[in-house]
Amino acid sequence: MTARISPSILSADFANFDSELQRIAAADLIHVDVMDNHFVPNLTFGLPMVQRLQQVTPKPLDVHLMLEDPDRWAPGYAEAGVFSVTFHAEATGDAVGLARKLRDIGSRAGLALKPGTPVADYLEIADEFDQILIMTVEPGFGGQSFMANMMPKLVALREVVDRSGLDIWLQVDGGITEETIVVAAEAGADTFVAGSSVFGAENPTAAIATLRAAAEAHIH
Ligand code: DX5
Ligand code: ZN
């Protein structure tokens, strides 16, 4: 099975996106962390920036919304034509309704869970999403350590997804390195967000290849 590598531009040089995007030409997706300084204690970029990225790169944009009111904001990102829009379960009272809306507009719909959010309530509705993101750090900042105690969530989701026969991607985000990616792949992840381990590398192309090989050796 193939592993998808989604470098997070949160760890890129914000003054040089053009050259930073060239450094990750080997990536499958580009992970874009939208933060509003309310849902998380950090502020990044919003829709105009994502619209511009959408114009300048042919790579699929994997937008991760860490904002307080996804019901209000998420559809705009789908309308911009991005590949996937992932919103947080903790920030909406109607995750299924919002996912349906995003899919109707034409983007993939993703559901993200913070470390403190149990997966149990979401197993039964997993088929409403194209991808489910298990956070392996508290959202807000790059460069934090991988929380291996999140792996039971992936194991539970992998079982449900395999049983359903649906092609629902299981994504991990936070602290992914060539060591921790093995742990996440073994637990059932197939899509891996990596910020500092890719952009902090001298050779991001080699870093992506190393991550991919490590994951593919252990993926289900
Ligand atoms: C954290 C973000 C992550 C972050 C990951 O809130 O959602 O995407 O960029 O960065 P690393 O890979 O450095 O942990
Ligand atoms: Zn993210």
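Things worth noting here:
- What separates the Cα centres of region 65-130 and region 180-214 is a distance of 24 Å.
- 16 Å cut-off, amide nitrogen to a point 7 angstrom out along SER164 Cα→Cβ, residues in region 170-191: 170-172, 188-191
- Considering only alpha-carbon pairs that sit under 8 angstrom and 6 or more positions apart, the relative contact order computed for region 43-165 is 19 percent.
- Environment charge at ALA214 (Cβ cut-off 14 Å; Lys +1, Arg +1, Asp -1, Glu -1): -3
- Average accessible area per residue (Å²) across the chain - probe 1.4 Å, nucleic acids and ligands excluded: 42 Å²
- Taken over the chain, the convex hull of the Cα atoms encloses 107 Å³ per residue.
- Portion, in percent, of the accessible area of the chain that falls on carbon or sulfur, probe 1.4 Å: 50 percent
- Taking the average, over residues, of other Cβ atoms within 10 Å as the packing measure, peptides 185-195, 146-156 rank 185-195, 146-156 from highest down.
- Antiparallel DSSP beta bridges within region 1-73, percent to nearest 5: 10 percent
- The slack in the chain from PHE141 to ASN37, taken as 0.36 nm per residue of separation less the alpha-carbon distance, amounts to 36.3 nm.
- For the chain, built as a Gaussian network whose Cα springs stay under 10 Å, the top-fluctuating residue of ILE30, ILE105, ILE125: ILE125
- DSSP finds beta bridges in the chain, and of those with both partners inside it, around 5 percent are antiparallel.
- Nearest-0.05 FRET efficiency for ALA26 and GLU186, computed from C-beta distance (R0 30 Å): 0.85
- Share, in percent, of DSSP beta bridges within region 128-217 that are antiparallel, nearest 5: 0 percent
The values are calculated or read from the model by the stated rules, or taken from the named source; none is laboratory data. Every value quoted in this text rests on a predicted model; they were computed, and no experiment measured them. Note that we place each Cβ from the backbone using ideal geometry, even for glycine, and neighbour counts take in every protein chain shown. Ligands, DNA and RNA are excluded from the accessible area calculation, which covers all protein heavy atoms including side chains. Shrake-Rupley method; radii C 1.70, N 1.55, O 1.52, S 1.80 Å.
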